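What follows is a short report on a single structure.
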Amino acid sequence: MTKEEVKHVGKFFKKFIILLVLLFITDRIIGTLLENAYKNAPQGDIKTFAHSITDPTEDIFIYGSSRAVHGYDTRVFTDSLNLSCFNSGRENSNILYHTSILDEMLKKHKPKVIVLDVSARELTWRSAENSKLVLASMILPYVHSDTSFANIARQLFPEELMKAQVSKIYAYNSMVLSLAVGKRKFKDKNLNGYVPIHGTKITGKIPASQKS
Amino acid sequence: MLFNSLDFVGFFFIVTALFFVLPHKYRWLLLLMASCYFYMDFIPIYILVLGFTIVVDYFAGIFIEKSAGAKRKWFLRMSIAANIGILGFFKYFNFINDNITFFLKLFHFTNPITDLSFILPIGLSFHTFQAMSYTIEVYRGNQKAERKFGIYALYVMFYPQLVAGPIERPQNIIHQFYEPKKFNYERAVSGLKIVLWGYFKKLVVADRISIYVNAVYNNPYHHSGKTLFVATILFWVQIYCDFSGYSDIAIGTAKVMGYDLMQNFRRPILGKSVAEKWNRWHISLYSWFRDYVYTPLARKARRNRTKLLAYIVVIFLLSGLWHGANWTFIIWGGFSGLSVVVERIYKDKVKPQKYIPKIWMTIFGTIIAFMVTALSCLFFRALNVKDALHIVKSIATMKKGPLFKGSPPINFYYYIIAAALLIIVEIFQEYLPQVKLINNKNVVIRYAGYIIILMVILMIGVFNGSQFIYFQF
């Protein structure tokens with residue numbers, strides 16, 4: 001390398017380090033704001049997850065993918081069995097996700113009934129990979145404070161854990177809008193974890209290959 | 001190795017650091033070895049396919065240069081046949097065989113030949129076209145045959161553009177491998193800015209929108225006309241950001257090392273006509289077809305207007321076929337070609353510029369051309385022709401049903417934010433180039449720009465390591 005090149009390299013690293021420092025400071029500031037919003041006003045999936053692992057009290061807990069989230073009405077269980085019920089299902093998840101959060105819940109509370117909804121489709125590699133991502137999105141905000149979640153993350157997605165340790169914002173990736181706007185904008189239709197969906201009637205003929 | 005992986009970030013920094021530390025005479029070897037490693041990270045055995053075409057075209061170039069007359073043409077034809085043969089075998093064998101099976105079935109015959117079972121070598125269409133570009137240019141006398149095998153191999157394998165372009169021309173890149181490159185601060189920063197914008201396009205826009213598009217297009221029969229329409233429009237934005245994001249990362253990484261690759265996209269979203277949109281889209285491929293297919297045909301057509309217009313459709317049909325061995329791509333290509341031809345005839349006959357003020361021509365032209373190209377993309381994305389026709393019918397008849405199940409999911413707002421950010425930036429780049437963010441002379445604004453982009457990537461980027469769409473081609 002010539003002297004001139006060394007000078008350019010020096011200038012590059014000097015500016016690069018300045019950028020990294022500014023980035024680190026901004027990341028910590030915004031990350032802390034998001035962390036507070038996450039703890040104070042959880043919404044939707046975050047709210048369900050937080051309740052399942054921090055203060056579970058119900059008699060019945062339901063686990064499963066979107067079929068469970070949108071299919072198991074907690075009010076029906078409570079009316080029929082006279083037992084309190086919470087739906088801990090999560091869209092795009094499979095048994096990998098449910099096992100992880102079920103273990104966490106059982107450390108704090110022993111429900112009378114656990115319903116686990118599993119379909120054959122959810123036992124594929126792809127489903128497990130999706131489930132890992134869903135699990136990562138849920139537990140990354142806890143890895144700094146909860147060692148058991150940190151251990152799960154280390155086993156299942158060490159790369160994600162590393163990213164979350166480097167960047168505080170990363171743990172809240174894709175949550176920023178719901179955390180920033182919160183209850184003011186998005187109406188929470190969550191009924192003890194059960195999320196009804198309306199207007200889903202399909203018109204027209206559906207080929208057999210696309211019928212679930 | 002995917003550009004949007006941590007592995008690549010490490011790879012890039014190590015290779016770039018070694019590149020500038022090593023003396024100039026060893027740099028080509030470093031880049032070649034790095035490119036081999038980069039390629040073999042996908043499916044190692046396919047390096048042999050790439051190696052075969054490199055050997056064939058290397059010798060073909062020398063033989064073409066040394067020979068004259070019919071022999072010269074024969075060597076060119078042999079080289080092109082070898083390249084097309086490999087492309088045809090790996091990419092089109094099953095497609096042709098399936099069509100033969102379908103045709104025989106109509107007459108109650110069975111096809112004794114079964115489909116082959118293998119994965120398409122990654123980026124095959126890209127490096128095959130780049131290799132053909134070399135032999136054609138040598139044949140035309142625009143490029144000297146490369147005598148140094150390693151440099152020729154590097155021309156085909158240069159890792160930034162190996163698997164998804166830009167499809168380079170030998171005149172643009174080979175001489176650069178001989179030039180000693182020095183680390184230059186301004187150049188490195190300029191390259192990294194392009195890389196940063198490429199990552200923004202891929203992680204924030206393309207991969208974010210893909211969540212919606214995949215959900216809709218993988219189950220088109222479950223969705224209303226409105227949903228399919230929105231998903232189709234968003235797919236255009238997705239594929240643009242996915243591919244141009246890749247190109248930006250490729251161009252930027254090469255630039256850091258001192259190599260200039262050709263521009264591949266020029267804000268096609270703001271093209272004022274269908275033809276202009278295509279002139280701004282995948283420039284390296286369409287200029288390839290223009291230079292090596294359209295121009296020779298046009299010369300023979302001798303200003304025969306019908307023939308010239310027909311050749312435009314042919315070029316687009318070929319480009320459709322280049323994209324994939326599926327009738328959906330061929331229909332997409334045909335439709336795109338026809339839309340260009342119809343637009344040209346309309347402009348020649350009606351001459352709307354005579355009656356409509358320029359500003360309105362620009363606004364309407366941009367919007368209408370966007371709708372035409374975006375809607376044609378439904379053939380590009382649909383899994384098969386049956387699905388594509390269903391989607392066309394659903395959109396045309398506005399099949400009943402809601403846009404969303406219930407109220408819009410929060411993710412939908414991310415799609416809108418991502419697409420809006422992209423369009424705003426492109427409008428500024430196109431119409432107000434003096435307004436700059438990461439290229440601003442003011443250091444505070446510039447650094448604020450870097451941090452905003454990085455924060456947005458961290459906050460709403462999708463980090464699931466999804467493949468670039470054009471890898472499959």
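The values are calculated or read from the model by the stated rules, or taken from the named source; none is laboratory data. All of these numbers come straight from a predicted model, not from anything done at the bench. Note: ideal-geometry Cβ built from the backbone for every residue, glycine included; neighbour counts use all protein chains shown.
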Collect the residues in region B:340-366 that are of a type in the set (D, E) and surrounded by 13 or more Cβ atoms within 10 Å (Cβ to Cβ), keeping them in residue-number order.
B:E343
Restricting attention to region B:24-41, report how many residues are surrounded by 18 or more Cβ atoms within 10 Å (Cβ to Cβ) and within 21 Å of B:S5 (Cβ to Cβ).
6
If we scan region B:374-386, do we find a residue that is more than 10 Å from chain A (Cβ to nearest Cβ) and touching a His at 6+ places or on another chain (Cβ under 9 Å)?
yes
Counting only residues that are hydrophobic (A, V, I, L, M, F, W, C) and within 22 Å of B:L285 (Cα to Cα), how many does region B:343-370 have?
2
Checking the conditions here, which among A:S131, A:S80, A:S119, A:S127 is crowded, with 16+ Cβ neighbours inside 10 Å and more than 13 Å from every other protein chain (Cβ to nearest Cβ)?
A:S127
Say whether the condition of being surrounded by 13 or more Cβ atoms within 10 Å (Cβ to Cβ), closer than 24 Å to B:S35 by Cα and either in contact with a Lys or Arg (Cβ under 6 Å, 6 or more places away or on another chain) or in the same structural domain as B:D57 (by TED's automatic domain parsing) (or both) is met by at least one residue in region B:93-115.
no
Would you confirm whether or not region A:147-163 contains a residue that is polar (S, T, N, Q), surrounded by fewer than 19 Cβ atoms within 10 Å (Cβ to Cβ) and within 14 Å of chain B (Cβ to nearest Cβ)?
no
What do you reckon, is B:F229 in the same structural domain as B:G51 (by TED's automatic domain parsing), of a type in the set (A, V, I, L, M, F, W, C) and in contact (Cβ under 8 Å) with a residue 60 or more places away in the chain?
no
I'd like the residue in region A:1-45 that is within 11 Å of another protein chain (Cβ to nearest Cβ) and closer than 18 Å to A:S137 by Cα and, out of all such residues, is modelled with the lowest pLDDT.
A:Q43
Quick count over region B:1-12, residues being without any contact (Cβ under 8 Å) to a residue 24 or more places away in the chain and within 11 Å of chain A (Cβ to nearest Cβ), is 1
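For region B:422-440, state whether one or more residues are within 12 Å of chain A (Cβ to nearest Cβ), touching a residue at least 40 places away in the same chain (Cβ under 8 Å) and either over 26 Å from B:V230 (Cβ atoms) or surrounded by fewer than 16 Cβ atoms within 10 Å (Cβ to Cβ) (or both).
Yes, region B:422-440 has at least one match.
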Considering every residue within region A:123-130, establish whether at least one is of a type in the set (S, T, N, Q), out of contact with any strand residue (DSSP E or B) (no Cβ under 6 Å at 6 or more places or on another chain), assigned to a helix (DSSP H, G or I) and within 30 Å of A:L81 (Cα to Cα).
no
B:V216 hydrophobic (A, V, I, L, M, F, W, C) and in contact with a His (Cβ under 6 Å, 6 or more places away or on another chain):
yes
Report yes if B:I209 is within 23 Å of the chain's Cα centre (by Cα), assigned to a helix (DSSP H, G or I) and within 14 Å of another protein chain (Cβ to nearest Cβ), otherwise no.
yes
Those residues of region A:4-51 that are surrounded by 13 or more Cβ atoms within 10 Å (Cβ to Cβ) and touching a residue at least 60 places away in the same chain (Cβ under 8 Å) come to a total of 17
Can you pull out every residue in region A:166-178 that is more than 7 Å from chain B (Cβ to nearest Cβ), surrounded by fewer than 19 Cβ atoms within 10 Å (Cβ to Cβ) and either under 12 Å from A:K132 (Cα atoms) or at pLDDT below 85 (or both)?
none
Filter result (of a type outside the set (A, V, I, L, M, F, W, C) and either within 18 Å of A:I25 (Cα to Cα) or assigned to a helix (DSSP H, G or I) (or both)) within region B:438-454
B:R446, B:Y447, B:G449, B:Y450
Can you name the residue in region B:150-198 that is within 14 Å of chain A (Cβ to nearest Cβ) and hydroxyl-bearing (S, T, Y) and, of all such residues, is farthest from the chain's Cα centre (by Cα)?
B:Y185
Restricting to region A:132-180, give me the number of residues that are assigned to a helix (DSSP H, G or I), among the charged types (D, E, K, R) and either more than 20 Å from A:K47 (Cα to Cα) or more than 14 Å from the chain's Cα centre (by Cα) (or both).
4
Exception for B:L261 within (1) in a helix (DSSP H, G or I); (2) touching a residue at least 12 places away in the same chain (Cβ under 8 Å) falls at (1)
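Of B:A369, B:A382, B:A419, which residue is under 21 Å from A:V176 (Cβ atoms) and small (G, A, S)?
The unique qualifying residue is B:A419.
Take B:I269 and decide whether it is among the β-branched types (V, I, T), closer than 27 Å to B:K201 by Cβ and part of a helix (DSSP H, G or I).
Working: among the β-branched types (V, I, T): yes; closer than 27 Å to B:K201 by Cβ: yes; part of a helix (DSSP H, G or I): yes.
So B:I269 fits the description; yes.
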Wholly enclosed helices (runs of 4 or more DSSP H) of region B:1-119 bearing at least 2 residues within 30 Å of B:Y139 (Cα to Cα)
B:24-40, B:47-66, B:69-87
If B:I151 satisfies all but one of (1) over 24 Å from B:M262 (Cβ atoms); (2) touching a Leu at 6+ places or on another chain (Cβ under 9 Å), what's the number of the condition it fails?
(1)
Within region B:265-320, take every residue that is modelled with pLDDT of 90 or more and among the polar types (S, T, N, Q) and give me the one that is nearest to the chain's Cα centre (by Cα).
B:S284
Being buried (at least 16 other Cβ atoms within 10 Å of the Cβ), under 27 Å from B:A325 (Cα atoms) and not aliphatic (A, V, I, L, M) is the requirement here; does B:P170 meet it?
no
Residues being in a helix (DSSP H, G or I) and under 19 Å from B:S224 (Cα atoms): count how many of those fall in region B:360-408.
20
Meets criteria (at negative phi, modelled with pLDDT of 90 or more and of a type in the set (S, T, Y)) for B:Y46
no
Out of B:I86, B:I64, report the one residue that is buried (at least 19 other Cβ atoms within 10 Å of the Cβ) and either within 14 Å of chain A (Cβ to nearest Cβ) or more than 27 Å from B:A164 (Cβ to Cβ) (or both).
B:I64
The conditions are (1) within 13 Å of chain A (Cβ to nearest Cβ); (2) surrounded by 16 or more Cβ atoms within 10 Å (Cβ to Cβ); (3) β-branched (V, I, T), and B:V392 fails exactly one of them. Which is it?
(1)
